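Readers should treat all values here as calculations from the given coordinates under stated rules, not as data from a laboratory. Everything numeric in this text was worked out from a predicted model, so none of it was measured. Every residue, glycine among them, receives a Cβ derived from its backbone with ideal geometry; neighbour counts consider all protein chains shown.
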């Protein structure tokens with residue numbers, strides 16, 4: 001079981017994590033987990049380029065070492081990169097020392113201060129340690145593209161219905177998500193582009209840099 005829209009009370013349990021970017025600008029933050037891989041990531045980059053969209057890729061260290069040219073292309077195209085651990089570890093099932101070493105190994109490869117835990121699962125000690133060393137980026141909208149029991153139409157609806165100003169949306173540039181992603185991503189880009197939204201990268205400190213301006217009515 002997983003939640004498409006992250007409830008506010010869960011976000012409040014970990015206030016130092018980044019769940020969304022507070023803003024009233026029409027901007028959405030697309031993120032892609034588990035890559036980079038040659039079967040999916042280049043296609044994602046091509047789709048983003050069509051809409052001048054920028055995104056943030058949370059990379060698995062093993063894939064970065066296998067396909068360094070893809071990490072280079074991600075950066076050359078103006079996208080941001082974050083760590084997703086080296087071995088895609090589940091924090092609930094991993095002892096702390098092993099988890100910290102794995103996260104650090106990937107962070108060195110990606111040269112990034114951004115970190116996203118695989119499955120969103122961390123023990124309390126892991127969370128406390130990681131937020132002292134990295135900016136932990138979570139999400140407020142989960143597309144569900146990884147779910148074999150979810151239709152591609154439902155996956156698209158998950159994003160269209162729930163994403164709003166400042167939302168962080170999770171996709172996966174992975175084989176398990178490939179079929180749904182090829183259906184959903186172009187339509188998400190088209191939908192929000194037509195509504196006047198832009199797609200931007202997540203950078204260290206971005207949550208504290210945003211300013212929400214009041215909507216003023218002129219008499």
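Some notes on this structure:
- Spin-label pair residue 96/residue 193, simplified geometry with 7 Å Cα→Cβ offset, distance in nm: 4.7
- Normalised by the number of residues in the stretch 1-112, the mean separation of alpha-carbon contacts (under 8 Å, six or more apart) gives a relative contact order of 23 percent.
- Gained length - residue 150 relative to residue 182, 0.36 nm times residue gap less alpha-carbon distance: 10.1 nm
- Rounded if a/c under 1.5, otherwise prolate or oblate - the stretch 2-100, Cα gyration tensor axes: oblate
- Summary of the geometry: the stretch 146-212 and the stretch 63-127, compared by the centres of their Cα atoms, lie 20 Å apart.
- Theoretical ellipticity at 222 nm over the chain - DSSP helices of four or more residues, -39500 (n - 2.57) apiece, nearest 500: -11500 deg cm²/dmol
- Based on Cα contacts under 8 Å between residues 6+ apart, the chain shows a relative contact order of 33 percent.
- Gyration tensor verdict on the stretch 98-219 (Cα atoms; rounded if a/c is under 1.5, prolate if a/b is larger than b/c, oblate otherwise): oblate
- Sorted on the mean count of surrounding Cβ atoms within 10 Å across their residues, most packed first, peptides 44-54, 186-196, 4-14, 172-182 read 172-182, 44-54, 186-196, 4-14.
- Take every DSSP beta bridge whose two residues both sit in the stretch 18-209; close to 5 percent of them are antiparallel.
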